[in-house]
Amino acid sequence: MKKIIAILLFIAAVADLRAQQLPLYSNYMLNDYPMNPAIGGSHPYFEAMSNNRYQWIGITDAPRTYMLSVNGPTKNQNVGLGGLLFTDIVGPTRRTGLYLSYAYHLKLSQKVRLSLGLSGGILQFMVDGSKITLHDPHDNVISSGVESVLIPDFGAGVYAYSTDHKWYIGASVPQVTQNRIKFYDYTNTGLSRLATHYYVTAGYQFYLGNDFKVEPSTCVKFVSPAPVQFDIGLRAIYKDKLWLGGAFRYLDAMSAMIGYTLQENITFAYSYDFTTTAIKKYSTGTHEIMIGIKFHKTPERGSSAKMQ
């Protein structure tokens, strides 16, 4: 009975966001490459980043998301390459994606670049029927085993930024092709499709003396028929090493963040989301852990403070 109640609560909580198919995470200002392929190679080094998100702690079968991304520039600094692997688990369902990306960076001025990016990959949707209890156990509407389907997917993005990453603004469109999700050959419905998402991100760093910086940022997300959702965040950064921050996500949560950069190339970050929807009565919140590693740095394009 408790499991049934938990599932009903989960469905009610995500009713307004039912079309959201891509992973949701709070540290978008630190790891925005998964949302926009044009960001690949915008830093003068390769970086690998891992996000691990545990949503709505205390609720059975609540979402869990694991992401690993790698991106960086080629030797001529005009081309950026990258890759993304993620797994999103909700109860008996699992969504796994593997993407590669290509970005070309145009020099608009000495300090301003414009990048155009494309991504392509494979999505796997999987349902474990053995974890689903039907009202009629003899109903053949779903198999009692594991069913999965592979779907190709493509995305595109544009990204403008300063070479010192004092400011940036980007827009991207994942899941452009809206391919159909079809588990069974005998079904012919067009209702289950990849939904095209629209992202806009922006940020700016204000310097407060030699040791302190303040970075406001935002991320706007839209996917039909859900309402527009936006995040507004603010980080206070000390000596490019330690930061504290907070964020507000419309119709979802408020976040508290902390992070630290060790030896200029290893970054740790943690965020805690305070749920603002009705599900807060049953959940103790959401935890997210991020680890980032910078590799070989090419000094020609100048230093970057975005991950700091």
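The values are calculated or read from the model by the stated rules, or taken from the named source; none is laboratory data. Here the structure is a predicted model, which means the values were calculated and not measured. Cβ sites come from the backbone with ideal geometry, for glycine too, and all protein chains shown count toward neighbours.
Structure data summary
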{"read-out": "Long-range neighbours under 6 Å by Cβ, at least six apart or interchain, first residue under 13 Å from Phe206 (Cα atoms) within segment 223-242, second basic (Lys, Arg) and surrounded by 15 or more Cβ atoms within 10 Å (Cβ to Cβ)", "value": "Ile237/Lys213"}
{"read-out": "Subset tally (residues that are more than 15 Å from Ala38 (Cα to Cα) and in contact (Cβ under 8 Å) with a residue 60 or more places away in the chain) for segment 91-123", "value": "3"}
{"read-out": "Residues of segment 241-265 that turn out to be of a type outside the set (Asp, Glu) and buried (at least 17 other Cβ atoms within 10 Å of the Cβ), as a count", "value": "9"}
{"read-out": "Segment 70-90, residues that are farther than 13 Å from Pro34 by Cα, among the β-branched types (Val, Ile, Thr) and out of contact with any His (no Cβ under 9 Å at 6 or more places or on another chain)", "value": "Thr74, Ile89, Val90"}
{"read-out": "Candidates Leu84, Leu106, Leu116 - the one that is closer than 19 Å to Leu24 by Cα and either touching a strand residue (DSSP E or B) at 6+ places or on another chain (Cβ under 9 Å) or not acidic (Asp, Glu) (or both)", "value": "Leu84"}
{"read-out": "Looking only at segment 91-135, and only at residues there that are of a type in the set (D, E, K, R) and loosely packed, with under 14 Cβ neighbours inside 10 Å, the one that is farthest from Ile169 (Cα to Cα)", "value": "Lys131"}
{"read-out": "Residue in segment 233-242 that is within 17 Å of Arg53 (Cβ to Cβ) and of a type in the set (Asp, Glu) present", "value": "no"}
{"read-out": "Residues being surrounded by 15 or more Cβ atoms within 10 Å (Cβ to Cβ) and farther than 25 Å from Thr60 by Cα - total across segment 266-290", "value": "2"}
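Yes or no, residue by residue, for (1) small (Gly, Ala, Ser); (2) over 25 Å from Leu242 (Cβ atoms); (3) at pLDDT 95 or above:
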| residue | (1), (2), (3) |
| --- | --- |
| Glu47 | no, no, yes |
| Asn52 | no, no, yes |
| Tyr66 | no, yes, yes |
| Leu81 | no, yes, yes |
| Leu84 | no, yes, yes |
| Asp88 | no, yes, no |
| Ser101 | yes, yes, yes |
| Leu106 | no, yes, yes |
